[in-house]
Amino acid sequence: MKLRPALLSFLFIMAISALGFDACATKPPPVAKVDFAKQVRPIFEAYCYQCHGNGRNRAGFRIDQKALVMRQIVAGDPARSYLYRAMTKSLGASDHMPPMNEDQPEDSDLATIKLWIEQGAVWPEGA
């Protein structure tokens, strides 16, 4: 009996699958650790410091002081972190940050903040 090429391919794929191989599977590339000093602080400086940094503490909050920021973050959980939620609320929300009349972070900036929080919100001493 002569096997057709399609049947041979099918049998080959079945044999590979039975052995636990997945020829089509690829692992996602590792996600680089977010660097607070190089990636996060510049976002804070660009969008938050004008009201909450450099000696300013509008609404009693400063984003340039680690202890105060960490009270607004649940490391590993952006959805439970007030800081991230405030930055991602709709522009019409009264507590959206930064305020609607100010420059807004890019989606990539928000993704960086989210990833930083997911990775544990590491803020090295002296950074």
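The values are calculated or read from the model by the stated rules, or taken from the named source; none is laboratory data. In this text the structure is predicted, and so the values were computed from the model without any measurement. Cβ sites come from the backbone with ideal geometry, for glycine too, and all protein chains shown count toward neighbours.
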Hits in region 89-98 - residues which are without any contact (Cβ under 8 Å) to a residue 12 or more places away in the chain and in contact with a helix residue (DSSP H, G or I) (Cβ under 9 Å, 6 or more places away or on another chain): Ala93, Asp95, His96
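Only one of Gly126, Gly55, Gly120 is modelled with pLDDT of 95 or more, part of a loop (DSSP other than H, G, I, E, B) and not hydrophobic (A, V, I, L, M, F, W, C). Can you tell me which?
Details: Gly126 fails: modelled with pLDDT of 95 or more; Gly55 fails: modelled with pLDDT of 95 or more.
Only one candidate qualifies: Gly120.
Here is a list: Asp95, Asp64, Asp103. Which entry is acidic (Asp, Glu), at pLDDT below 90 and not in a helix (DSSP H, G or I)? First the steps, then the outcome.
On the way: Asp64 fails: at pLDDT below 90; Asp103 fails: at pLDDT below 90.
Checking each option against the conditions leaves just Asp95.
Would you check if there is a residue in region 64-72 being of a type in the set (S, T, N, Q), in contact with a Phe, Trp or Tyr (Cβ under 7 Å, 6 or more places away or on another chain) and within 22 Å of Glu106 (Cα to Cα)? Even if it seems obvious, please write down each step before you answer.
To start, the set of residues in region 64-72 that are of a type in the set (S, T, N, Q) comprises 65, 72.
If we keep only those that are in contact with a Phe, Trp or Tyr (Cβ under 7 Å, 6 or more places away or on another chain) too, we end up with 72.
Keeping just the survivors that are within 22 Å of Glu106 (Cα to Cα) gives 72.
Scanning region 64-72, I find at least one residue that is of a type in the set (S, T, N, Q), in contact with a Phe, Trp or Tyr (Cβ under 7 Å, 6 or more places away or on another chain) and within 22 Å of Glu106 (Cα to Cα), so the answer is yes.
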Lone qualifier among Asp103, Asp107, Asp95, Asp35 - being out of contact with any Phe, Trp or Tyr (no Cβ under 6 Å at 6 or more places or on another chain), acidic (Asp, Glu) and under 18 Å from Trp123 (Cβ atoms): Asp35
